[in-house]
Amino acid sequence: MARARLVFAALAVASLACSLVPTVEVPAPTAPPAPLPTAVPVVQAPAEPLLAPQGLVELYERVNPGVVTIYVFGPPHPANIPLGQGSGFVIDVEGHIVTNQHVVEGAEDIEIDFASGFKAWATLLGTDPDSDLAVLQVEVPNGELVPLRLGDSDTVRVGEQVVAIGNPFGLSGTMTVGVVSAIGRVLQSEREAPGGGSFSAGDLIQTDAAINPGNSGGPLLNLSGEVIGVNRAITTETFSASGSAVNSGVGFAVPINIVRRVVPAIIQTGSYDYPYLGITSLGEGNLNLRQLEILQLPPETVGVYVTCVVQGGPAERAGLIGAGACGATEQPGGDVITAIDGQPVFSFSDLISYLVTEVAVGDQIVLTVLRDGVPVDLSLILEPRP
């Protein structure tokens, strides 16, 4: 039976693109991305792009053997009926497979189906609910393992053509084509923050390549056949008769450079720690004029308005000021974060993207805030998300 986990926000609905039963969620210089283990192929130089349409045929024939279909089994379904399904892809010859955390959530057993028809049970090594990633491992004949080449998501640009391959609605090996619609998007994390609400997952790639329930965990590729992201979710207001979310041309993928950071940690320890500031803000988008008037800020103000500073967190110890009690919104008096380590911050998505891609737990950063019209620099040490 299919299931689809949904995130409701305003009129739009962000739906995780796996095939699951409907439930409602509550929700300095640039450092290079951390390398994956030596067994994982790391790109040294970009491959030559393939030319469409014949190039797309060649790309599919080369990449599809490394894309897998995932079936999960567990209660309350009978033992022989899958609880849900999704996609994944092979990253090395050791049998490691990357997918989404929400694809394997609640699974007692996980089946991997290869493009050749070979099937095997997988072991779950660990998950990261913040990036919605999971790593599986299978023991199969070497000939079944076709690791996909990993790209560099820092080079992704809006407008470039991309390809998604996965298992929408159980149709394994389905290929769709689109473009990168935007970069640096933010979605809710799969993990709740203390006191309610959710942490944020940042720096996601937005694409109009068709992504539907069952595509979750599959690769988003450039025209060189390199993985640049892991398909995660769609935003939609349309649903099928069975309750499955229907593609609306707004899909999201976890960038591969976050995968490069997270996957080695999951393989080694079963989890990954994200940097934590301990603040809340008004949201991802820029402040509109009405909000600026309410907050008593000049109309040219850009940045992250701090509504709340979590007690005992790094931001509080560094001296950041929030507008009021946590949960309160659009009250004057809060700091506006305008830069991090000298890099301008225009919105919450800029701040989150920097934290998840450029720094790590234990690093010292400098936040520049606008306080009563005056820039102030505050230093703090990043801690892991609680």
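What follows draws every value from the coordinates through simple rules; no lab data is involved. All of these numbers come straight from a predicted model, not from anything done at the bench. Backbone-built Cβ (ideal geometry, glycine too); neighbour counts: all protein chains shown.
When +1 charges are put on Lys and Arg Cβ atoms and -1 charges on Asp and Glu Cβ atoms, the dipole computed for the range 65-144 relative to its Cα centre reaches about 240 debye.
For residue 191, the residues 5 or more places off, or on other chains, whose built amide H falls under 5 Å of its own are 199. One chain, two ends: residue 269 and residue 119. Fully extended at 0.36 nm per residue, the span grows by 51.3 nm beyond their Cα-Cα distance. If you find the alpha carbon centre of the range 265-305 and of the range 93-111, how far apart are they in angstrom? About 31 Å separates the Cα centre of the range 265-305 from the one of the range 93-111.
The H on the amide N of residue 282, modeled in the peptide plane, is under 5 Å from the matching H of 305, 307, each at least 5 residues off or on a different chain. Where the centroid of each part is defined by its Cα atoms, how far is the range 170-191 from the range 120-156 in Å? Centre-to-centre distance over Cα atoms comes out at 16 Å.
Using θ = phi - 60° in the Karplus curve 6.51 cos²θ - 1.76 cosθ + 1.60, the 3J(HN,Hα) couplings for the range 86-92 round to x, 10, x, 8, 7, 10, 7 Hz; x is entered for Gly and Pro.
If R0 equals 22 Å, the separation of the Cβ atoms of residue 289 and residue 372 corresponds to a calculated FRET efficiency of about 0.60.
Given an 8 Å cut-off on Cα distances and at least 6 residues of separation, report the relative contact order of the range 140-204 as a percent. List each step's numbers first, then the result.
Numbers: 73 pairs, mean separation 14.9, N = 65.
Relative contact order, the range 140-204: 23 percent.
Would you mind calculating the gained length between residue 57 and residue 302 on full extension (0.36 nm times residue separation, minus the Cα-Cα distance), in nm to one decimal? Contour length minus Cα-Cα distance gives 83.7 nm.
Summary value for the range 260-386: 27 percent relative contact order, contacts being C-alpha pairs under 8 angstrom separated by 6+ residues.
Evaluating 6.51 cos²θ - 1.76 cosθ + 1.60 at θ = phi - 60° for every residue in the range 130-144, the Karplus couplings come out as 5, 9, 6, 10, 9, 10, 10, 9, 10, 10, 9, x, 4, x, 7 Hz, glycine and proline recorded as x.
Here the extension length gained between residue 331 and residue 311 equals 5.4 nm, from 0.36 nm per residue of separation less the Cα-Cα distance.
Applying the criteria of a DSSP loop state and at most 15 other Cβ atoms within 10 Å to the GluC sites (Glu not before Pro) of the range 268-351 yields 300, 330.
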